[in-house]
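Input: a single structure, listed below in structure tokens.
The values are calculated or read from the model by the stated rules, or taken from the named source; none is laboratory data. For clarity, every value in this text was computed on a predicted model and none was experimentally measured. Each accessible area value is taken on the protein alone, full model and side chains, heavy atoms only, with ligands, DNA and RNA left out. Shrake-Rupley method; radii C 1.70, N 1.55, O 1.52, S 1.80 Å.
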Amino acid sequence: MPNSLLKTSAVMNTYSRFPLTLVKGKGSFVWDDKGEKYLDFTSGIAVCNLGHVPDAVYGKVQDQLQSLWHCSNLYHIPAQEKLAELLIQNSFGGQVFFCNSGAEANEALIKLARKHGAEKGGSNKIATFKQSFHGRTLATLSATGQEKIQAGFSALTNDFIYLEFNSEEALQQLKELDTSAVLLELVQGEGGVVPADQEWVNKLAEICSEKEMLLMIDEVQTGMGRTGTLFAFQQYGIKPDAVSLAKGLGSGFPIGAIIASTEAAKVLGPGTHGSTFGGNPLSATAGLATLEYMVQNNAAEAAQNLGNYLLEKLAELKSKHIQIKDVRGKGLLLGLVMDTEAGPLVNRLREEEKVLALTAGPNVLRILPPLTASKEECDQFIKSLGNILAEA
Ligand SMILES: *Cc1c(COP(=O)(O)O)cnc(C)c1O
């Protein structure tokens, strides 16, 4: 039962918070203010992909803390330039813009698409998809294809056309629409852990290239190894014009980014976009240490292997418990479709088993272990979930 009104009255009531106060984390575990230990299969919602307080990031951030915390983007920032270099080496070339969050990264994509449209002398409309999630700022909630996110916040930015995800009809509509770009998640996260179909994505990418529309992928949740490749677009074998990143990029330090092809990035020249904190020395150092570790240690491959293991165990659970209707997702972005609301399951896991998990939409239990979790920790999760389901 959320008791946010009692505990956090000075903080605005925009979240229904769980009655739990976390004060410490290490690896796959967190501790509350009473010293109780929890297995954290939320990773701070796909943020702490290397687990909590990862050594590989801690040391580098500590060094940076002693030298320079912040300087303006009017000056060169070495960690930011190295991080950009490493991002383009490990994606599709191009150039990087840094900001502070997922919504802000998607705002940059939206500005890029508008400018692209304007320079072509065409439409500035962007196609997005139903059940998507792109953020909470006015432009990104307008891009989000969910009425519950938009309710009460009109007027929306009416640049967006919402198409059906994974639908052939949507592809036909896209062929006829006058749009400058398409923005999508390759696994819809908040919308219920729904992966895009490979064939559908192939056709979508083809239409984008035929019509010179920007193919923009929101990798805020799917990026940074989460789905078993560093970026989800890599396993789909497509080349986007631009992607947005945030959540896992800084291991918990606020940082967002977009990567855009050199061609697409051209439209954002000096004075067209900016951010005071974007990629500042501290967050860029955290991002660089995170990405270096991921590349050197094949963190994405580890996520793929552990994801396969967990998927197998979840499939076994499904065969024993009729409450589970489906198991889906990619890598370590996994969802269990339940025959009832998933919220009570999240609460019982936390209260009775000391295990943290999430929902994604009303009926989906969302499972986001750190990419560095062990098989034993996965076994512990499965055992806990099995216990709860057996009693239900
Ligand atoms: C979380 C999320 C966002 C928003 O990121 P914020 O950092 O909360 O602004 C955007 N897109 C996707 C796919 C997300 O999962």
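Assorted remarks:
- As a fraction of the 1.4 Å probe accessible area of the chain, surface on carbon and sulfur atoms comes out at 53 percent.
- From the alpha carbon centroid of segment 290-338 to that of segment 145-222 is 25 Å.
- Heavy atoms of Asp241 accessible to a 1.4 Å probe, total area in Å² rounded to 10: 40
- Kirkwood Rh and Cα Rg combined as Rg/Rh, segment 49-120: 1.04
- Mean-square fluctuations from a GNM of the chain, with a 10 angstrom spring cutoff on Cα atoms, peak among Glu199, Glu185, Glu212 at Glu199.
- Percent antiparallel among DSSP beta bridges (both partners in segment 55-296, rounded to 5): 40
- Under Stokes-Einstein, with the Kirkwood radius over Cα pairs as Rh, the value for segment 55-296 at 10 °C and 1.306 mPa s is 88 µm²/s.
- Surface analysis of segment 1-100 yields an accessible area of 62 Å² per residue, using protein heavy atoms and a 1.4 Å probe.
- For the pair segment 55-71 / segment 341-392, the C-alpha centres are spaced 34 Å from each other.
- Each listed q (0.11, 0.14, 0.15, 0.17 Å⁻¹) maps to a log10 I(q)/I(0) for segment 216-343 from the Debye sum over equal C-alpha point scatterers, namely -0.51, -0.75, -0.83, -0.97.
- Stokes-Einstein D in µm²/s, Kirkwood radius over Cα pairs - segment 53-195 at 4 °C with 1.567 mPa s viscosity: 73
- Qualifying lysines (Cα of each under 28 Å from Cα of Lys325; at least 8 residues distant if same chain): Lys130, Lys148, Lys313, Lys354, Lys375, Lys383
- Comparing Ser251, Ser374, Ser101 in a Gaussian network model of the chain where C-alpha atoms under 10 Å apart are linked, the largest mean-square fluctuation is found at Ser374.
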